[in-house]
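> First the structure, then my questions, so here it is.
The values are calculated or read from the model by the stated rules, or taken from the named source; none is laboratory data. Since this is a predicted model, take the numbers as computed values, not measurements. Here Cβ is always computed from backbone atoms with ideal geometry, including for glycine, and neighbour counts include all displayed protein chains.
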Amino acid sequence: MHSKVNVLGIPVDSITMESAVAKIETFIQDSEPHLIATANAEMVMLAQQDSELRNILSSASLVVPDGAGVVWAARYQGKQVYERVAGFDLTQKLLAEAGKKGYRIYLFGAGPGVAEKAKQTAEERYPGINIIKTRDGYFSAADENEIIEDISRAQPHILLVALGVPKQEKWLSRNLKRLQVPVCIGVGGTLDVMAGTVKRAPLWMQQANLEWLYRLLKQPHRAIRMLALPRFVIKVVLDKK
C-alpha cells in the first residue's frame, strides 16, 4: 500500500521503485487506460500557473516522485516519501519486465530516428522485448487522428511518449480514451538518453542529487527553465510557514 503526499498542491504518490513497477503491472492487467506522470520540481512549478496540467496531475493514475526536489519538499513538510522514482529508471525497469512477460511497447516522440535508436538499445539490453512500433514526435494537428488510430490498432500494453513537459501529458490526457492503452507514460528525454543523443549524469551526480547541474552544464540553454528550481525551494519554504 502507498499514500499520496501534497507537494505545492500536486498529489504525488509516496511509493518505491519496486512498488511503482508492480502497480503499473496491475494497470496492464486491468486493461483500462491509465496515465502515469513523473513529477519533478520543474513540472510542479509549471502546474502552479497551468491549470490544465494541474488537473491532469491531480487525476493521473500514478504520479511518481521523479526529482530530488520533490522528495526533499515532501520530507521538508514532514511527509513520508520512500525514495526518488526517476522516470528514466522506471522506464528501464518496465522495459526489462516487458522482455520477460511479453508486454508490447510503442515508442512515440523525440526527434527523427531517435525512437528507432532507442528501440535498438532496448533490444540489446532486454532480451525478448517486443517494441512493436516507433514514431518520432514531429507531427501537425492534421496528423493526429492517424497517429492515434495507429497506436490504437497496434494495441500496445505500454505507450512511452517523449514530447516534453507539459505537451506529452496534455496530449496523453486529451487522447487517453481514444488510445485505449493500459499504461501511458510521458518520458521526456528518456528516448534521447537511450539513443545516445543525450548523456545522463554520472552515477555519483545522480546519487548526490546533482543531475540538474549536469544538465545545465551540458545544455546551457536550459538556464531559464532551471530558474524553476530556486523558485520551487522558496515556495516550499514559504508555504510551510
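> Give the stretch 188-241 a look and list any residue that's part of a helix (DSSP H, G or I), small (Gly, Ala, Ser) and modelled with pLDDT of 70 or more, or say none.
Within the stretch 188-241, the subset part of a helix (DSSP H, G or I) is 190-195, 203-207, 211-218, 220-226, 228-240.
Checking the rest, the ones that are also small (Gly, Ala, Ser) come to 195, 223, 228.
Ala195, Ala228 - these are the residues of the stretch 188-241 that are part of a helix (DSSP H, G or I), small (Gly, Ala, Ser) and modelled with pLDDT of 70 or more.
> Related question: Quick one: which strands (runs of 3 or more DSSP E) lie wholly within the stretch 1-72 and hold at least 2 residues that are closer than 20 Å to Leu163 by Cβ?
Details: elements: 3-7, 10-14, 34-39, 62-65.
Filter on the stretch 1-72 gives 34-39, 62-65.
> Against the definition (in a loop (DSSP other than H, G, I, E, B) and buried (at least 17 other Cβ atoms within 10 Å of the Cβ)), how does Val85 come out, yes or no?
Values: in a loop (DSSP other than H, G, I, E, B): yes; buried (at least 17 other Cβ atoms within 10 Å of the Cβ): yes.
Yes; evaluated as a whole, the condition is true for this residue.
> Considering each residue of the stretch 76-90, count those that are more than 15 Å from Ile24 (Cβ to Cβ) and aliphatic (A, V, I, L, M), and give that number.
Qualifying residue count, the stretch 76-90: 1.
> Going through the stretch 156-182 one residue at a time, which ones are part of a loop (DSSP other than H, G, I, E, B) and more than 14 Å from Arg135 (Cα to Cα)?
First, pick out the residues of the stretch 156-182 that are part of a loop (DSSP other than H, G, I, E, B): 156-157, 163-166, 180-182.
Answer for the stretch 156-182, where residues must be part of a loop (DSSP other than H, G, I, E, B) and more than 14 Å from Arg135 (Cα to Cα): His157, Gly164, Val165, Pro166, Gln180, Val181, Pro182.
> Could you check the stretch 145-157 and list, in sequence order, the residues that are over 21 Å from Val21 (Cα atoms) and in contact (Cβ under 8 Å) with a residue 12 or more places away in the chain? Explain how you work it out, then say what you get.
Residues of the stretch 145-157 that are over 21 Å from Val21 (Cα atoms), as a first pass: 145-154.
Ile147, Ile148, Asp150, Ile151, Ser152, Ala154, listed by residue number.
> Could you say whether any residue in the stretch 62-75 is more than 25 Å from Leu191 (Cα to Cα), at pLDDT below 95 and not hydrophobic (A, V, I, L, M, F, W, C)?
Start the filter on the stretch 62-75 by keeping residues that are more than 25 Å from Leu191 (Cα to Cα), which leaves 72-75.
Now restrict to residues that are at pLDDT below 95: 72-75.
Then drop every residue that is not not hydrophobic (A, V, I, L, M, F, W, C), which leaves 75.
There is at least one residue in the stretch 62-75 that is more than 25 Å from Leu191 (Cα to Cα), at pLDDT below 95 and not hydrophobic (A, V, I, L, M, F, W, C).
> Next up: Given the condition more than 15 Å from the chain's Cα centre (by Cα), farther than 24 Å from Val181 by Cα and among the hydroxyl-bearing types (Ser, Thr, Tyr), answer yes or no: does some residue in the stretch 25-37 qualify?
If we filter the stretch 25-37 for residues that are more than 15 Å from the chain's Cα centre (by Cα), which is where we start, we get 25-33.
Subset that is farther than 24 Å from Val181 by Cα: none.
Scanning the stretch 25-37 turns up no residue that is more than 15 Å from the chain's Cα centre (by Cα), farther than 24 Å from Val181 by Cα and among the hydroxyl-bearing types (Ser, Thr, Tyr).
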